[in-house]
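Below: one structure, written as structure tokens.
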Amino acid sequence: MVAERSVIIHTFEKMKRLFFTLLLIIPYLYVHAQPQLSYDLERQGLKGDIKKLTEKEYNGTEDSLMWKAVSNYNDSGNQIDYFTYSPNDVLLSKSIFKYNDTTGKLVDIKRYKADGVLNVRTTYKYDMKGHVIEENNYDPQNTLFMIAKSRYDMKGNRTVKDCMNEYGILFLKTNYKYDKHNRDIEEREYDSHHGLKFTTTYDYGNVDKSGNWRRRTMYKNDVPTSVTIREIEYEE
């Protein structure tokens, strides 16, 4: 019994370290990802022919830049890469997106550290409607360490995301709410004992002529924790 408990604790700690590494690498684009629709711009709720998206994240008082992220899109509207940088423009991570040539669906994302070493690989499974219903995360040794399963409402918005370790044991559940524009406005995170850990809410502003928001404020338990400013480069 002691040996078994030791194995469980060791596995959980390993999974927890890798999971939080994943969150640091790609903080918002796929943590809050919507279902796989016809192309990434649509899935991410972006409108118009976008070539490049830059997101700068500041602290809650907006007086200190914390990091910057840059996404590039191809002519089909699919995201091809994702880079994160420090406030001093030092590369922190790089993510490369791979698609199925026949279906156009996202196959996997490989996330690399700044030195080019693979950190995490994520693969995707879909339902008949094209929604991402399962994400499998692997460490550099190709060992599965986290599984995420999602459910959706009639509009195609993800309403529940369950995160489990490699044995299928739940450690985090997130419930989502949306506004009339299908923008994520509330996330409630629960632990494995169904205890509420955090409530995250979002306010949006400065919408451009294409209908894309340029400013978003995030609150954790009603306390402002970050402000995201978008710079969008459209195709000419």
Do we find that residue 111 is of a type outside the set (Val, Ile, Thr), in contact with a Phe, Trp or Tyr (Cβ under 7 Å, 6 or more places away or on another chain) and surrounded by 12 or more Cβ atoms within 10 Å (Cβ to Cβ) in this structure?
no
Where residue 85 falls short, out of the listed (1) buried (at least 17 other Cβ atoms within 10 Å of the Cβ); (2) at pLDDT below 55
(2)
Could you list, in sequence order, all residues of segment 200-228 that are buried (at least 17 other Cβ atoms within 10 Å of the Cβ) and closer than 20 Å to residue 72 by Cβ?
212, 213, 228
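To keep it simple, each residue is scored yes or no on (1) surrounded by 14 or more Cβ atoms within 10 Å (Cβ to Cβ); (2) over 23 Å from residue 97 (Cβ atoms).
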{"position": "121", "(1), (2)": "yes, no"}
{"position": "126", "(1), (2)": "yes, no"}
{"position": "130", "(1), (2)": "yes, no"}
{"position": "150", "(1), (2)": "yes, no"}
{"position": "154", "(1), (2)": "no, yes"}
{"position": "165", "(1), (2)": "yes, yes"}
{"position": "187", "(1), (2)": "yes, yes"}
{"position": "190", "(1), (2)": "yes, yes"}
{"position": "195", "(1), (2)": "no, yes"}
Considering only residues that are outside any loop (DSSP other than H, G, I, E, B) and out of contact with any Lys or Arg (no Cβ under 9 Å at 6 or more places or on another chain), look in segment 81-124 and name the one that is nearest to residue 52 (Cα to Cα).
91
Whether any residue in segment 209-226 is closer than 22 Å to residue 42 by Cα, without any contact (Cβ under 8 Å) to a residue 40 or more places away in the chain and small (Gly, Ala, Ser) is what I want to check.
no
What pairs come up if the first residue lies in segment 77-92 and is closer than 24 Å to residue 234 by Cα, the second is assigned to a loop (DSSP other than H, G, I, E, B) and among the β-branched types (Val, Ile, Thr), and their beta carbons are under 9 Å apart, counting only those six or more places apart or on different chains?
82/26; 84/26
So for segment 105-116 (the condition being modelled with pLDDT of 95 or more and either among the aromatic types (Phe, Trp, Tyr) or touching a Gly at 6+ places or on another chain (Cβ under 8 Å) (or both)), does at least one residue qualify?
yes
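The values are calculated or read from the model by the stated rules, or taken from the named source; none is laboratory data. In this text the structure is predicted, and so the values were computed from the model without any measurement. Every residue, glycine among them, receives a Cβ derived from its backbone with ideal geometry; neighbour counts consider all protein chains shown.
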